[in-house]
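Here's the structure we're looking at; comments come further down.
The values are calculated or read from the model by the stated rules, or taken from the named source; none is laboratory data. Not measured: the values here are computed from a predicted model. Counting neighbours? That spans all protein chains shown, and the Cβs are built from the backbone with ideal geometry, glycine included. Surface areas here come from the heavy atoms of the whole protein model, side chains and all, with no ligands, DNA or RNA. Shrake-Rupley method; radii C 1.70, N 1.55, O 1.52, S 1.80 Å.
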Amino acid sequence: MIRTLPRSKKYNISFKIYIFLFYMFLFAPLVITCILAFNNSDFPSLPWKGVTLDWFFANNEHRVGLFHDVNNLRSIWISIKTAFIVSILSLIVGTMGAFLFEQEEFKFKQALYFLTLAPLVIPGVILGISILLASNSVGAFLEEYLNIDIPLFAPGFWLVVLGQFSFITTFVVLVVSARLKKFDRTLEEAALNLGANRFEVIWYITLKYLKPALLGAGSVAFLMSFENFNTTLFLVGSEPTLPINLYLQVRDGSTPVINAISFLMIVFTSTLALINLYFSNKSN
């Protein structure tokens, strides 16, 4: 374990084999999925039957590619729309929560902080069922006693947004809080002494310092919302998100269009991660 000591040849070979197996275990399924997106076969699996772009662009009676598949395109748009709204709401509320717990003192602060982190340890299935039962109970009460029908309490788009927002905000709080802990409060005091008001101090100094954390938290929130399945499964209505739609297709049998969607998702998430890494390093 001491790095300055010489390593044996067996150790070096074992170490290289371990690294190879580790990354092969992580990335081999993704690589196979990407390759099968271009397989000229009617089934989303091996054997390999040649290269084709049909699963992206075809539009005939035998094959319908992703870009002509209305059902899949609709689910992709719903996932993007959901992820965008959830990430914006989570960023706003999560950043406020980070300010609350890092820069304010009040009673029961630790207890409330623990409750804020509770969604991290609650399984997504339990969270989805709890939100569904609670919303249905509130909706039924309002409709029965007040004759008010509020779509928010029925399974559908806004209930999915609410369900994802309830736990993704916690991750934003953690990411922004970690950055805020390192912030030098004397910079705010200096700005206040020079005549700036509280809003100007937060806008021009604190948030500027938090920019890398906000970019990272926003990216994580978007991706977590986009790929969420466990919680969304219980809250979705007649317009499923992409993960739910893919689950339904795999369950009932599908074509390599699934591989094509997976390929684009891998490219999209990897690109977003690289962009976030670039701007984070640039800000630092």
Positions within the stretch 175-201 being in contact (Cβ under 8 Å) with a residue 24 or more places away in the chain and surrounded by 18 or more Cβ atoms within 10 Å (Cβ to Cβ), in sequence order: V175, V176, S177, R179, L180
Name the single residue, out of those in the stretch 70-97 being aliphatic (A, V, I, L, M), without any contact (Cβ under 8 Å) to a residue 60 or more places away in the chain and under 30 Å from N59 (Cα atoms), that is most open to solvent (accessible area, probe 1.4 Å). V70
Hits in the stretch 151-196 (condition: part of a loop (DSSP other than H, G, I, E, B) and either farther than 24 Å from S137 by Cα or β-branched (V, I, T) (or both)): K181, K182, F183, D184, L194, G195, A196
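Yes/no matrix, rows are residues, columns are (1) over 13 Å from the mean Cα position of the chain (by Cα); (2) surrounded by fewer than 19 Cβ atoms within 10 Å (Cβ to Cβ); (3) among the acidic types (D, E):
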position	(1), (2), (3)
F234	yes, no, no
S238	yes, yes, no
D252	yes, yes, yes
I258	yes, no, no
Please enumerate the residues belonging to the stretch 62-104 that are more than 13 Å from the chain's Cα centre (by Cα) and polar (S, T, N, Q). N71, N72, S75, T95, Q103
Which of (1) closer than 21 Å to P155 by Cα; (2) in a helix (DSSP H, G or I); (3) not small (G, A, S) does T95 not meet, given it meets every other one? (1)
List, please: which pairs have Cβ atoms under 9 Å, are six or more places apart or on different chains, and start with a residue in the stretch 98-127 that is within 23 Å of V236 (Cβ to Cβ) and end with one that is open to solvent by 50 Å² or more (accessible area, probe 1.4 Å) and assigned to a loop (DSSP other than H, G, I, E, B)? G124/F229
Tell me, please, whether a residue that is surrounded by 13 or more Cβ atoms within 10 Å (Cβ to Cβ) and more than 16 Å from V93 (Cα to Cα) can be found in the stretch 207-214. yes
Limited to the stretch 9-64, what total is found for residues that are in a loop (DSSP other than H, G, I, E, B) and surrounded by 10 or more Cβ atoms within 10 Å (Cβ to Cβ)? 15
